[in-house]
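This report refers to the structure that appears directly beneath it.
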Amino acid sequence: MAKCFSFTSSRNRCYRWSFSSAGLRSLTADLGDGTVVHSWGPKTHNPSKPTLVLIHGIGANAMWQWNEFVSPLSARFNVYVPDLVFFGESYTSRPERSEAFQAECVFRAMEAAGVRGRMSVVGLSYGGFVAYSMAARFPEAVERVVIGCAGVCLEERDMDEGLFKVRTVDEAIQILLAQTPDKLRELMRLSFYKPAKNVPSCFLSDFIDVMCTENLQERKELIYALHKDRKLSDLPKITQPTLIIWGEHDQVFPLELAHRLVRHLENKAELVILKKAGHAINMEKTKDLYKHLKSFLTHRNGKSSKLD
């Protein structure tokens, strides 16, 4: 029997309405090489406002991760929210799977949208890898960078040395790209400081059906590419003003990786650690994250290290 109602699809429609109400419209950029990038951008680009790009992590599409932020941030910025390749309505026929390729696609999509001048980029989790790569590859275009709970400093050997809760990349993929309610519950336990309890399996199955089944093989390949042969010595040092913001109890990318990134950037980045928060800081600490984004992106703060 066909399902009569999908909570996830209904929520997705609500988010579309919310983005539109925030003054954003759906944009599609055909990059001409088998790659199409969908994003949300202002209905009218205001040249007197700075430009801000919000990049989502692995999981649902961009709307689910940035819905609470687009309305207040749109009052101060020209806000663009892309779907990364193999998420939402973005896809490619090219074989590349690296975060550098994702960064190139986002940058070219912004060019196609008519973005001129410099921009700030904010990336959560996997989106933080992409934001960091954009800053490294396009320093003339990226002005300021926010890295949220993104282990860009991880090394392939970290998993063997026990830094992570999981023992192998395959085990991580089974959780990050959950295909059963039990695996999705495991992801919630890893992502949240206080995960929701007793969520009915029917809700979890509906979310998986709508959000987690498309492009599954390609998303697996993205995670493999993120980890394979990764060495800190290969990571470029970005020079833009950078905010690193992390959940104190992050079990996906442990806090040690935040401190490692600060050291890698020679203590020139600002570090904010959110207490009583896990990996999903955009959901658990929405107000705090917005406060720090607003402060960092609109003021010329000096370097600092904070525990909220």
Sequence neighbours fewer than 8 away in the same chain don't count; with that in mind, list the lysines whose C-alpha is under 29 Å from residue 49. 237, 268, 285, 287, 291, 294, 303, 306
Starting from the Cα gyration tensor of the range 53-200, take the square roots of the eigenvalues, sort them a ≥ b ≥ c, and report rounded, prolate or oblate (rounded when a/c is under 1.5, otherwise prolate if a/b is larger than b/c, else oblate). prolate
Taking Rh as the Kirkwood radius computed over C-alpha pairs, what is the Stokes-Einstein D of the range 151-275 at 20 °C in a medium of viscosity 1.002 mPa s, expressed in µm² per second? 132 µm²/s
Largest-first principal axis extents of the Cα set of the chain (Å): 55, 47, 39
Trypsin sites (Lys or Arg not before Pro) restricted to DSSP loop in the range 210-256 with at most 12 other C-beta within 10 Å: 228, 231, 237
Which number comes out as Rg/Rh for the range 1-120 once both Rg and the Kirkwood Rh are worked out on C-alpha atoms? 0.99
Any GluC sites (Glu not before Pro) in the range 198-262 that lie in a DSSP loop and have at most 14 other Cβ atoms within 10 Å would be 214
Mean-square fluctuation check for the chain, GNM, Cα pairs under 10 Å: which of 95, 42, 241 is largest? 95
If I take every Cα pair under 8 Å that is 6 or more residues apart in the range 91-219, average their sequence separation and divide by the length, what percent do I get for the relative contact order? 17 percent
Rel. contact order, % - alpha carbon contacts under 8 angstrom, at least six apart, the range 15-146: 28 percent
Please report the antiparallel percentage of DSSP beta bridges with both residues in the chain, rounded to the nearest 5. 30 percent
Value of D in µm² per second that Stokes-Einstein yields for the range 67-145, Kirkwood Rh from Cα pairs, at 4 °C (1.567 mPa s): 98 µm²/s
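Given a cut-off of under 8 Å on Cα pairs at least six residues apart, what relative contact order in percent is computed for the chain?
Reported as a whole number, the value is 17 percent.
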Hey, in the GNM for the chain with a 10 angstrom Cα cutoff, which one of 117, 162, 88 fluctuates hardest? 162
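Restricting to DSSP H runs of at least four residues, report the calculated mean residue ellipticity at 222 nm for the chain, -39500 (n - 2.57) per run over all residues, nearest 500 deg cm²/dmol. Intermediate results must be reported in sequence, preceding the final value.
Details: 12 runs with 126 residues, N = 308.
The helix contribution divided over the chain gives -12000 deg cm²/dmol.
No value in this document is a laboratory result; all are computed from the given coordinates. These numbers were taken from a predicted model, which means no experiment stands behind them. Here Cβ is always computed from backbone atoms with ideal geometry, including for glycine, and neighbour counts include all displayed protein chains.
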